[in-house]
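The values are calculated or read from the model by the stated rules, or taken from the named source; none is laboratory data. Note that the structure is a prediction, hence the values are computed from the model and not measured. So basically every Cβ, Gly included, is an ideal-geometry build from the backbone, and we count neighbours across all protein chains shown. For accessibility, only protein heavy atoms count, side chains too; no ligands or nucleic acids. Shrake-Rupley method; radii C 1.70, N 1.55, O 1.52, S 1.80 Å.
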Amino acid sequence: MIAVLTGDIINSREDKSPKWLVTLKDCLDKYGKEPQQWEIYRGDSFQLETTPQEALKAAIHIKAAMKQTKNIDARIAIGLGDKTYASEKITESNGTAFIYSGECFEQLKKKNLALKSSDLDFNQRMNLLIELALLTMDHWPPAISKTVKTAMEHPKLKQSELANLLGKSQGNISEELNRAGFEEVQKMIKTYQSEIQSL
């Protein structure tokens, strides 16, 4: 089983300095190589192939990275399934993971993060958790998004070390991660990772 993320960047055309593009490439690079595992196409759309274990974390990581820029966000659909055809370019590969990811992306209307697999119960449970998390994640301001992104990229660092890295006080970091619901988001990712093993 593999995971395929299909996404696009919300309000990308409003941002005259496409800093988000450099950030997006940097983010995708952490999960694989271009163009086999990830590709950006049509200017602000992207596809990423990763492991099912990493998929939700990757989606939230990309969201936090994009939200560092005011008014920018990412819309992401995760498809979980197989890969029946591997091309040199991910956008030309095929399989149920790609189909589910595309179908899920087409269904994203008011929500901007969801997943789809062949297990309807799993989809329902996980999408409910994601919807609840989005009530907070959709409102992360740029400063908090930067702290979340940094914490996700350095999971072993203590808050005091994150503070040094970001030039903030430890109190600031603690408050920002609390406001971001970071601990709860991490718990959701862990729940998803343990449930995915039974798929």
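Only one residue in Arg125, Arg75 is within 19 Å of Glu195 (Cβ to Cβ), open to solvent by 10 Å² or more (accessible area, probe 1.4 Å) and not in a loop (DSSP other than H, G, I, E, B). Which one?
Arg125
Would you mind finding the one in Thr84, Thr50 that is buried (at least 17 other Cβ atoms within 10 Å of the Cβ) and in contact with a strand residue (DSSP E or B) (Cβ under 7 Å, 6 or more places away or on another chain)?
On the way: Thr84 fails: buried (at least 17 other Cβ atoms within 10 Å of the Cβ).
The unique qualifying residue is Thr50.
Pairs under 7 Å by beta carbon, first residue within 13 Å of Met126 (Cβ to Cβ) in the stretch 178-199, partner in a helix (DSSP H, G or I) and of a type outside the set (A, V, I, L, M, F, W, C), six or more apart or different chains?
Ile189/Lys57; Gln193/Gln53; Ile196/Pro52; Ile196/Gln53
So is Phe122 aromatic (Phe, Trp, Tyr), in contact with a helix residue (DSSP H, G or I) (Cβ under 7 Å, 6 or more places away or on another chain) and modelled with pLDDT of 95 or more or not? Let's see the steps before the verdict.
Values: aromatic (Phe, Trp, Tyr): yes; in contact with a helix residue (DSSP H, G or I) (Cβ under 7 Å, 6 or more places away or on another chain): yes; modelled with pLDDT of 95 or more: yes.
Criteria met by Phe122.
Could you tell me which numbered condition Asp44 fails, if it satisfies all but one of (1) modelled with pLDDT of 95 or more; (2) surrounded by 20 or more Cβ atoms within 10 Å (Cβ to Cβ); (3) not β-branched (Val, Ile, Thr)?
Unmet for Asp44, out of (1) modelled with pLDDT of 95 or more; (2) surrounded by 20 or more Cβ atoms within 10 Å (Cβ to Cβ); (3) not β-branched (Val, Ile, Thr): (1).
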